[in-house]
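Asks: Can you keep this structure in mind? I'll have questions shortly.
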Amino acid sequence: MRSITEYVSRRALGVDASGIRKVFDLAAKMKDPINLSIGLPDFDVPQPAKEAAIEAIRSGQNRYTQTQGIAPLCERLRKNLSAEIGRDVGDVLITSGVSGGLFLAILSIIDPGDEAIFLDPYFVMYKHLLTLAGGKSVPVDSYPDFRFPADKVERAITAKTKVLILNSPSNPTGVVMSPEEVAAAVEIARKHDILLISDEIYEPFLYAGLGTQASVPGGHAALPSPARIYDKTIILRGFSKSHAMTGWRLGYAAGPEEIIAQMTKLQQYTFVCAPSPLQYAAMKALDVPMTDAVAAYKRKRDIVYDGLSGAFELVKPEGAFYIFPKAPAGRPASDFVAKAIENNVLIIPGNVFSERDTHFRISYATTDEKLKEGVAILRRLAGK
C-alpha cells in the first residue's frame, strides 16, 4: 500500500518552495511589519487602466481571446518594441506574467540534458523552471560587483549549452548591464551559436539615465537590450512592475517566429490565454507615462543606499527596486535575516537567489517612512 507522498513526482520533489513566498506568508501573520521583502510596487494600477478594465468587463470582453493575445495589443507592442530597438522584433505573444513567459520559453527551448547559463545571483525561477524542463542550470559567479563576467561565462559554455539568460535590470542586485556588457554577451552568443533570453521585466526602472534618451513610449530612458544587435533573442517584458499590475498577470514575449510559435502552442495547453479584459486595459496602460514612478523609486534607492552605506558592503543599484547588501562579517546572511525578522524587518536571505549565503535582498518598493525605519533597524543590528 503506497503512502500518499509516494504519488508525488520526482519532478515536483526536485523543486523547493519559494523562499520569497515563505517570507510573504510570514508577513501576512505579522502585525504591521516593516516589509522590505517582496517586489511589489507600492503605487497602484494607473486609474485609466482600471477604468479600461472595468469597461472591458462591462462590455463583455470576458471570454477566451486568441492564445497569442488580442491583435491590437500584439500589434502595438510589436510596433513599439521594433521602434525602440531599431529592427522588427519578430512575433509577439501575450503571456500570463513574465513568469508565464519564462515557463513557456524554457519548455520550448530546453531538452533534457541541455544547459542554460545565468549569472549568480539570479532570479529564483530560473533554476526551478530548468529543473522542471529536465535542463541543467549553470550559474556563473558575478560577485563582488555583480557585473557581467564575460570570461567566466565563456568558460562555462559546453557542447550542451543552449541558452544564456540575461536579467537587466537585475533581481536581486539592481545592476543594469552596460552597452559594452550587452555587446560582450552577444559576442559570446554569436561565437557559440546560442540563444539569449533577455528578462527585462524591470525595464522602465533605470536611474542613471533618468530624464535622458527618452525614446521609449511613456518617456523613460531606453534599456540596452541585446535584441538590438542579436536576432536570436527572446525578449520578456510585462506590466506587473511597470504599472503595478502584479495580480493582473500580464506579460509579453517577442522574438523569432519559430520559437514564439512553440511558446504559443504550449500556452494553448497551459495558460490558454492571458486574462481577457485585462489585455484591453493594457492598451490604455501603454498610454500612461510612468516617469513619476521611476523618479520615486530613484529617490527610494537613494534613501536605502545612503542609509546603509558605511554599515554594509553594497553595490549601488542602477535599476529595478532592489539592493543586495553583504551581511556583517563573520555571520551567515540567513542568521542576520532571522535576527532582522525578530526585529520586525522582513528581508530575504541571499541564498534564495544564490549559491552563497553571504548577502540579503531588500526591496525598497515601500513608503519612504518604512524604508527609513527599516534602514535604522538594520544599521543597529549591524552595530552601526
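The values are calculated or read from the model by the stated rules, or taken from the named source; none is laboratory data. Bear in mind the structure is a predicted one, so any value in this text is a computation, not a measurement. All Cβ positions, glycine included, derive from the backbone under ideal geometry; neighbour counts span all protein chains shown.
Asks: Those residues that are under 12 Å from F336 (Cβ atoms) and acidic (D, E), I need them from the stretch 350-384; list them, please.
Replies: Matches in the stretch 350-384: D357 only.
Asks: Consider G374 carefully, then state whether it is under 24 Å from the mean Cα position of the chain (by Cα), modelled with pLDDT of 95 or more and closer than 16 Å to P41 by Cα.
Replies: Answer is no for this residue.
Asks: Within the stretch 281-299, restricting attention to residues that are surrounded by fewer than 22 Cβ atoms within 10 Å (Cβ to Cβ) and touching a helix residue (DSSP H, G or I) at 6+ places or on another chain (Cβ under 8 Å), which residue is farthest from L371 (Cα to Cα)?
Replies: M283
Asks: Would you call S334 outside any strand (DSSP E or B), within 18 Å of L381 (Cα to Cα) and assigned by TED's automatic domain parsing to the domain that holds F312?
Replies: It is true that S334 is outside any strand (DSSP E or B), within 18 Å of L381 (Cα to Cα) and assigned by TED's automatic domain parsing to the domain that holds F312.
Asks: For the stretch 120-138, how many residues are over 22 Å from S37 (Cβ atoms) and not in a loop (DSSP other than H, G, I, E, B)?
Replies: So the count comes out to 7.
Asks: I'd like to know if the stretch 218-228 contains one or more residues that are in contact with a Phe, Trp or Tyr (Cβ under 7 Å, 6 or more places away or on another chain), buried (at least 21 other Cβ atoms within 10 Å of the Cβ), in the same structural domain as I201 (by TED's automatic domain parsing) and outside any loop (DSSP other than H, G, I, E, B).
Replies: no
Asks: Something else about it: Looking at the stretch 45-82, which of its residues are charged (D, E, K, R) and either farther than 17 Å from R237 by Cβ or touching a Cys at 6+ places or on another chain (Cβ under 6 Å) (or both)?
Replies: Within the stretch 45-82, K50, E51, E55, R58, R63 qualify.
Asks: Quick check on the stretch 74-83: of everything there that is surrounded by fewer than 19 Cβ atoms within 10 Å (Cβ to Cβ) and under 21 Å from the mean Cα position of the chain (by Cα), which residue is farthest from S276 (Cα to Cα)?
Replies: Filtering the stretch 74-83 for residues that are surrounded by fewer than 19 Cβ atoms within 10 Å (Cβ to Cβ) and under 21 Å from the mean Cα position of the chain (by Cα), the one farthest from S276 (Cα to Cα) comes out as N80.
Asks: Scan the stretch 281-306 and report the pairs whose first residue is over 17 Å from L40 (Cβ atoms) and whose second residue is hydroxyl-bearing (S, T, Y) and modelled with pLDDT of 95 or more, with Cβ atoms within less than 9 Å and a gap of 6+ or a chain change.
Replies: Going by the 9 Å Cβ cut-off, the qualifying pairs are A282/Y252; I303/Y364; Y305/Y364.
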